[in-house]
Ligand SMILES: Nc1ncnc2c1ncn2[C@@H]1O[C@H](COP(=O)(O)OP(=O)(O)OP(=O)(O)O)[C@@H](O)[C@H]1O
Ligand SMILES: Nc1ncnc2c1ncn2[C@@H]1O[C@H](COP(=O)(O)OP(=O)(O)OP(=O)(O)O)[C@@H](O)[C@H]1O
Ligand SMILES: O[C@@H]1[C@@H](O)[C@H](O)OC[C@H]1O
Ligand SMILES: [Mg+2]
Ligand SMILES: [Mg+2]
């Protein structure tokens, strides 16, 4: 046992971008401080691949014991990760995975399964339509996350693959990106509302955007006819569900996310054998079952 | 020489701008080895005609012939290729670059791989600068030079080519006498080499000294050509402005009142030292000296644009502290600055707005500017100074050089100042308006204004001043009264020969 | 700001008049042109509710553009408005629940305008390069916002129990309140810029700062006030934004600085300073808003929208400059 | 020219002074705050610094000549991304299947060509339409980004070629491949701008465009050439970086234009054009990268990083101003 304390470095995707990632950061720091034999170096790539790669190089140069990475790009970081691997520094990927080609160089992945999240949102949407009895004519629009983010891509993919399986007659009429941004998504929805007289469902890549779309519908007085489903249940989404205007989402806690990542790293350093893919569960949450969940802290 | 074929002929040139017919069918020619003067009031169209010749403007009608062959000057490059060089009225230099680079702007000597041949460049410019006996080197940064020296760099361009025609558009406007002498020698040399020279100036004496023929424009129309030898200043003036004017040496018997402005032991870094003088109500004090003598710096200091290291400034006997133009204006001081383009005008603004800028805050009705009051002020001074502009809405940048200068003067006269400082007030102004301005200055003195006139033109200083302060490298050498002063004593004083005397 | 007059010039009066109109209103012409195009593509484009919708969602960019117009005319840039707007939004939302709207709004204006004053001090009095200063402040204010909010979304707890939503969502005489606010602000600031001594001084400082100083204009003070004005408008935008969605994330204003600048320049303001006008900026804002909305209605992929926007912006501005110089192609060799 | 370069050094003196300050500060602070046992100034770390400066650095050098020329290019980030996609995509094109590793040079050339073409488009539009470069490139920043998404939708474009990675990660005389490119580009362009006719004419155009035109300089071609150069450099930057990382997201390179401009201005280049220092820009890039690295080294959190970076930029400007402060008796305008 070389050290009594582990030095663990993390480079995060883009802390400022939304409260999920910020909460993740503070949760991670908290968890690290709570643990007497962990010292953490917390870095933010600000969404820039080049900066993230530089940060991995720096962490290697600082000779940390393990590196946790929330990839800005699932492929681009692979060579950097390989460098760490060659220096015998174990790498743990968090929140959204890196590409197959890099699997040889990482010890483990910990985070949500974003494809599954997408398909679950599709199921929520479909079940709701069936209850309303419109599963055969319903028309859906999608507002996806920031173009290029793995998370955004995987959720859209999961949703688009699953929806036709469960609700073959529901039509996905259009998809536009909302950039994880509430205001942007509100503008997109405004245009949708003008363009389509008949919208029965909105799927948003996360609740920030979902609520943005909801606001647009409310402003146009058309929220009643529409089922809103999101992902990453933010507190705004939770409140909107309480208020009865927002139907459902996926419950994903950045705190679980962060703690899982740190724990995985520690386990790896302790030489325990950890599963290569350890997803933490992200259940469906709707107006029906929301009382089983506490209100998100972010 | 009279029977020589012209090297250049302009035929029926017409040029219009929005709202202006700047040139109205002008004919003009130059013979090899002659100096042909082009004269006319401010705004007559001289520069425009030359810009057409140099390919900077395209004429609406008319044609240009060189050696009897019609040519089209599509752009300045074409003009150069046809052997026409234009020395601009307004400085056209790259401030951050060196003298050498500016003199050869557009045709830096090359080595292989498109490298600049610095050696050739320095040598050639070095010799040219010697010819012009300039005291600065090829590698001096233009921005560090005085206006006069910049003008010399413009002139240097005339010597870079074996040109057929060289145009000097008011080259002497900001030159002092010594530099003029150099310029005239240059022109003689060019003449010997058979170059045709077009010479634009508002200064009669020099025009008569160096030119062979004089052509006159008026309101864009050709008014005729005279042989310099056979004509008189009055005849030319009459052709230019349709009347003769009195250049009678004013009535310099001033009704001198009590002291308005008095300066004591004023010093500012190494720009000027221990400057003391008084200006009385109703008198004009002329400041004469060589370029770099520091007169402008004194003016700028009085106007709160420079901090002085020692000395006091007193208005009506009370010491005042002036740390900004705002305070200067509040104390009733006006400064007509040396450089109209950089310091005098917002070129993109219209005439009216430029003229009322310093007093705009006082021309209000409620919170708003009273456009009416503004126009009145503009109209008033436009008449008094005979400013030629299509309308008060015209963009000042589009006015002729002289008319721009008049706007600046009007701008500061309209402030009705206690003390009026004018730095090179008639730079580039035509004879008519020039005597207008001189008379105006006298008139203002008559009304009890205290006036300082900084000028590098001896005749001007002699004409308007009640007293003349002679400066040399930042010091007052001597103060003359209008009565005692002679050209020789003045020249002697400003050349630094003979020591200082106690200031009056 | 001003145009050469049309005195009796040779070359046909009516032709000259057309040329003149084009010269003054090139942008307007461009605007009308592609409104026609979009309407043909999708008639709903001109539906009243759509037009109102577009203008309303343009108001936030628009209000900021009004302030930035002052800065640009004075010869400077302001790239900090985006992140400053995030700050205002977060602050007013947070204070709303702590102090109530009546106090929250002035408090937020105060805090935002302190930032504006700071920038104005650096650029105006210390003469620091405005691009870098405001770029630096873009980053610094983002940090400030994250510190203030702990990176959390800010949301008004009791959305029903407050009148705060009136600014963003209210409707008066059938007109959305944000549009009324935008219009009113544009009117007031338009008069300030075009008709008051201060406005004149802004143009002078931007047109030729040295000459302005020689004319007894307090250059530093004018620049300072322009940035104060800019932050004042940002505070307004933040208030509209907050009241519109009653909650926000920390990045709500991210990237808006360039859209705002684009609008101002599309309106014909020169980056060299000294020219531009509020009414032109308003046109610029509307053009941007209608482009985005129009393309959405046509239903192009967002990346096709990018490309088309590129083309439209260049064509619009090209038409403008071409009209001004009376030639389609630049004469520069 | 000798006195030109000495002036360069003085004008960009501030930046070098600041770099020294940074080194001292982070070494000392690092000793206490950093978890690492390695000194900040450790040689390997400094070599890394150079390498990590390359992506922005290579672009910033190009931005310097554009700005000396009196223009600006906001589209470099998008050009960078598009070139990267061409680089990685082309290696998988069936036509080149037979080439084996010879596909690498082919892909490089295609990517660089892309950059040159995009640059030429900007340049020609600026020249022929006479629309301000700021607007033209602000628009093409969007348009080129659109093209990026057209290539491969929202998916990242990836092609890991380990031979290429090994080349990119190689060190020669201790310096990484990327560093060599950065140094070469810096020296070559410094030479071009100070020694060649094109370079001097570019200065003249930026300094006083009217004078340049009057002097018969063919302004247009020089502008186009400079835009082609920066396009080339943006592509080169992408080629160097993505040869190593092997995958590009469609929104990579966003904000690079702003960082590049920051570096350029910190290096003492005049935004107005006419004066600039390539060497100074190099310093500016190092200073920025050093700041990021140092803050990471001492473990500052996100808020602080944003806050500090922003304020430091301003501080450097201030330092620079103090260094070039005019004498007391100077004209105060
Ligand atoms: N670019 C332009 N746009 C509009 N009007 C112009 C332009 N250039 C010149 N003018 C007008 O053409 C007329 C002639 O101007 P020009 O500069 O040729 O006069 P000038 O004879 O050179 O006068 P000065 O002796 O003062 O230099 C003036 O009325 C001027 O306002
Ligand atoms: N030899 C010189 N080298 C560099 N700058 C000079 C030189 N001589 C004068 N200057 C500067 O040029 C500016 C104005 O030039 P100008 O020819 O008007 O000199 P000046 O100081 O105004 O003297 P005067 O007004 O008496 O001619 C002044 O700031 C002056 O300091
Ligand atoms: O909500 C999103 C989160 O789930 C994802 O993992 O990172 C980006 C966030 O916006
Ligand atoms: Mg003239
Ligand atoms: Mg002088």
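The values are calculated or read from the model by the stated rules, or taken from the named source; none is laboratory data. None of these values were measured; they are calculated from a predicted model. As a convention, Cβ positions derive from the backbone with ideal geometry for all residues, glycine included, and neighbour counts pool all protein chains shown.
For the structure I just gave you, tell me whether residue D:48 is closer than 23 Å to residue A:50 by Cβ and more than 9 Å from every other protein chain (Cβ to nearest Cβ).
Details: closer than 23 Å to residue A:50 by Cβ: yes; more than 9 Å from every other protein chain (Cβ to nearest Cβ): no.
Considered against the rule, which asks whether it is closer than 23 Å to residue A:50 by Cβ and more than 9 Å from every other protein chain (Cβ to nearest Cβ), residue D:48 comes out as no.
Looking at D:114, D:92, D:137 in this structure, which one is buried (at least 24 other Cβ atoms within 10 Å of the Cβ), out of contact with any strand residue (DSSP E or B) (no Cβ under 7 Å at 6 or more places or on another chain) and either within 13 Å of another protein chain (Cβ to nearest Cβ) or not in a helix (DSSP H, G or I) (or both)?
Answer to the check: D:137.
Restricting to region B:77-95, give me the number of residues that are at positive phi and within 7 Å of another protein chain (Cβ to nearest Cβ). Steps first, please.
The initial filter retains those residues of region B:77-95 that are at positive phi, namely B:83.
Retained after the next criterion (residues that are within 7 Å of another protein chain (Cβ to nearest Cβ)): none.
Qualifying residue count for the region: 0.
Looking at region C:283-305, which of its residues are farther than 20 Å from residue C:44 by Cα and either buried (at least 24 other Cβ atoms within 10 Å of the Cβ) or touching a strand residue (DSSP E or B) at 6+ places or on another chain (Cβ under 9 Å) (or both)?
Going through region C:283-305, the residues farther than 20 Å from residue C:44 by Cα turn out to be C:283-285, C:303-304.
Those that are farther than 20 Å from residue C:44 by Cα and either buried (at least 24 other Cβ atoms within 10 Å of the Cβ) or touching a strand residue (DSSP E or B) at 6+ places or on another chain (Cβ under 9 Å) (or both): C:284, C:285.
If you scan region D:264-278, which residues turn out to be assigned to a helix (DSSP H, G or I) and within 9 Å of another protein chain (Cβ to nearest Cβ)?
In the first step, residues of region D:264-278 are kept if they are assigned to a helix (DSSP H, G or I); the result is D:264-266, D:278.
Passing the criteria: D:265, D:266.
Of the conditions (1) closer than 30 Å to residue B:324 by Cα; (2) within 8 Å of chain C (Cβ to nearest Cβ), residue D:302 fails just one. Which one is it?
The number of the failed condition is (1).
Give me a count of the residues in region C:246-299 that are part of a helix (DSSP H, G or I) and closer than 23 Å to residue C:70 by Cα.
Final tally of qualifying residues: 23.
Scan region A:41-74 residue by residue and report those that are touching a strand residue (DSSP E or B) at 6+ places or on another chain (Cβ under 6 Å), touching a residue at least 60 places away in the same chain (Cβ under 8 Å) and within 24 Å of residue A:150 (Cβ to Cβ).
Listed by number, the residues that qualify are A:66, A:68, A:70, A:73.
Conditions (1) within 16 Å of ligand 5 (Cβ to nearest atom); (2) more than 14 Å from chain D (Cβ to nearest Cβ); (3) in a loop (DSSP other than H, G, I, E, B), marked per residue:
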| site | (1), (2), (3) |
| --- | --- |
| B:139 | no, no, yes |
| B:149 | yes, yes, no |
| B:154 | no, no, no |
| B:168 | no, yes, no |
| B:179 | yes, yes, no |
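Can you name the strands (runs of 3 or more DSSP E) wholly within region B:302-374 that have at least 1 residues being surrounded by fewer than 20 Cβ atoms within 10 Å (Cβ to Cβ) and either touching a residue at least 12 places away in the same chain (Cβ under 8 Å) or within 16 Å of ligand 4 (Cβ to nearest atom) (or both)?
B:310-315
Say we look at region A:213-225 and pick out the residues that are surrounded by fewer than 20 Cβ atoms within 10 Å (Cβ to Cβ) and in contact (Cβ under 8 Å) with a residue 12 or more places away in the chain; which of these is nearest to ligand 4 (Cβ to nearest atom)?
Of the residues in region A:213-225, the ones surrounded by fewer than 20 Cβ atoms within 10 Å (Cβ to Cβ) are A:218, A:220-225.
Filter again for in contact (Cβ under 8 Å) with a residue 12 or more places away in the chain, leaving A:218, A:220, A:222-223, A:225.
Values: A:218: 67, A:220: 64, A:222: 68, A:223: 70, A:225: 74 Å.
The extreme case among them is A:220.
Look at residue D:66 and say whether it is more than 10 Å from chain A (Cβ to nearest Cβ), buried (at least 24 other Cβ atoms within 10 Å of the Cβ) and within 24 Å of the chain's Cα centre (by Cα). I'd like the intermediate steps shown before the answer.
Values: more than 10 Å from chain A (Cβ to nearest Cβ): yes; buried (at least 24 other Cβ atoms within 10 Å of the Cβ): yes; within 24 Å of the chain's Cα centre (by Cα): yes.
For residue D:66, the condition - more than 10 Å from chain A (Cβ to nearest Cβ), buried (at least 24 other Cβ atoms within 10 Å of the Cβ) and within 24 Å of the chain's Cα centre (by Cα) - is met.
When you go through (1) more than 8 Å from chain D (Cβ to nearest Cβ); (2) in contact (Cβ under 8 Å) with a residue 24 or more places away in the chain; (3) out of contact with any strand residue (DSSP E or B) (no Cβ under 6 Å at 6 or more places or on another chain) one by one for residue B:74, which number turns out not to apply?
(2)
Suppose we filter B:435, B:394 for residues that are more than 16 Å from ligand 5 (Cβ to nearest atom), in contact with a strand residue (DSSP E or B) (Cβ under 8 Å, 6 or more places away or on another chain) and closer than 25 Å to residue B:174 by Cβ; which single one remains? Reasoning before the result, please.
Details: B:435 fails: in contact with a strand residue (DSSP E or B) (Cβ under 8 Å, 6 or more places away or on another chain).
After applying the criteria, what remains is B:394.
Take the conditions at the interface with chain D (Cβ under 8 Å from one of its Cβ atoms), in contact with a helix residue (DSSP H, G or I) (Cβ under 9 Å, 6 or more places away or on another chain), buried (at least 24 other Cβ atoms within 10 Å of the Cβ) and over 30 Å from residue A:240 (Cα atoms) and apply them to residue C:260. Does it pass? First the steps, then the outcome.
Numbers: at the interface with chain D (Cβ under 8 Å from one of its Cβ atoms): no; in contact with a helix residue (DSSP H, G or I) (Cβ under 9 Å, 6 or more places away or on another chain): yes; buried (at least 24 other Cβ atoms within 10 Å of the Cβ): yes; over 30 Å from residue A:240 (Cα atoms): yes.
Against the criterion (at the interface with chain D (Cβ under 8 Å from one of its Cβ atoms), in contact with a helix residue (DSSP H, G or I) (Cβ under 9 Å, 6 or more places away or on another chain), buried (at least 24 other Cβ atoms within 10 Å of the Cβ) and over 30 Å from residue A:240 (Cα atoms)), residue C:260 does not qualify.
Only one of D:224, D:213 is buried (at least 18 other Cβ atoms within 10 Å of the Cβ) and either at pLDDT below 95 or at the interface with chain B (Cβ under 10 Å from one of its Cβ atoms) (or both). Can you tell me which? Outline the logic, then answer.
On the way: D:224 fails: either at pLDDT below 95 or at the interface with chain B (Cβ under 10 Å from one of its Cβ atoms) (or both).
Sole residue among the options that is buried (at least 18 other Cβ atoms within 10 Å of the Cβ) and either at pLDDT below 95 or at the interface with chain B (Cβ under 10 Å from one of its Cβ atoms) (or both): D:213.
Quick check on this structure: which one of B:197, B:214 is more than 15 Å from residue B:240 (Cα to Cα) and more than 16 Å from ligand 5 (Cβ to nearest atom)?
Values: B:214 fails: more than 15 Å from residue B:240 (Cα to Cα).
Matching residue, one of B:197, B:214: B:197.
Among helices (runs of 4 or more DSSP H) lying entirely in region C:78-182, which contain 3 or more residues that are in contact (Cβ under 8 Å) with a residue 60 or more places away in the chain, under 24 Å from the mean Cα position of the chain (by Cα) and crowded, with 24+ Cβ neighbours inside 10 Å?
On the way: elements: C:81-99, C:101-120, C:130-149, C:166-169.
By residue number, C:81-99, C:101-120, C:130-149.
Looking only at region B:51-67, count how many residues are away from ligand 1 (no atom under 11 Å from the Cβ), surrounded by 19 or more Cβ atoms within 10 Å (Cβ to Cβ) and not in a strand (DSSP E or B).
Number of matching residues: 4.
I'm checking my understanding of the structure. Among residues of region C:209-224 that are crowded, with 22+ Cβ neighbours inside 10 Å and outside any helix (DSSP H, G or I), which one is farthest from the other protein chains (Cβ to nearest Cβ)?
Only one residue fits best here, namely C:217.
Looking at B:393, B:384, B:340, B:352, can you tell me which residue is at pLDDT 95 or above and either farther than 21 Å from residue B:419 by Cα or within 25 Å of the chain's Cα centre (by Cα) (or both)? I'd like the intermediate steps shown before the answer.
Details: B:393 fails: at pLDDT 95 or above; B:384 fails: at pLDDT 95 or above; B:340 fails: at pLDDT 95 or above.
Exactly one of B:393, B:384, B:340, B:352 is at pLDDT 95 or above and either farther than 21 Å from residue B:419 by Cα or within 25 Å of the chain's Cα centre (by Cα) (or both), namely B:352.
Which residue pairs have Cβ atoms closer than 8 Å, lie 6 or more positions apart in sequence or on different chains, and pair a first residue in region B:47-58 that is on the phi > 0 side of the Ramachandran plot with a second residue that is in a helix (DSSP H, G or I)?
Listed by first residue and then by second, the contacts come to B:55/B:76; B:55/B:77; B:55/B:78; B:55/B:79.
Give me a count of the residues in region C:287-333 that are more than 19 Å from residue C:30 (Cα to Cα) and at the interface with another protein chain (Cβ under 7 Å from one of its Cβ atoms).
Residues meeting the conditions: 8.
Any idea how many residues of region B:274-330 are away from ligand 5 (no atom under 16 Å from the Cβ) and within 14 Å of another protein chain (Cβ to nearest Cβ)?
Residues of region B:274-330 that are away from ligand 5 (no atom under 16 Å from the Cβ), as a first pass: B:274, B:276-284, B:304, B:307-330.
Keeping just the survivors that are within 14 Å of another protein chain (Cβ to nearest Cβ) gives B:304, B:307-311, B:322-330.
Looking only at that region, the number is 15.
Quick check, is residue D:281 modelled with pLDDT of 90 or more, touching a strand residue (DSSP E or B) at 6+ places or on another chain (Cβ under 6 Å) and more than 11 Å from chain A (Cβ to nearest Cβ)? Steps first, answer last, please.
Details: modelled with pLDDT of 90 or more: yes; touching a strand residue (DSSP E or B) at 6+ places or on another chain (Cβ under 6 Å): no; more than 11 Å from chain A (Cβ to nearest Cβ): yes.
No; evaluated as a whole, the condition is false for this residue.
Considering only region A:179-195, I want to know if a residue exists there that is away from ligand 3 (no atom under 16 Å from the Cβ) and more than 11 Å from chain C (Cβ to nearest Cβ).
No, every residue in region A:179-195 fails to be away from ligand 3 (no atom under 16 Å from the Cβ) and more than 11 Å from chain C (Cβ to nearest Cβ).
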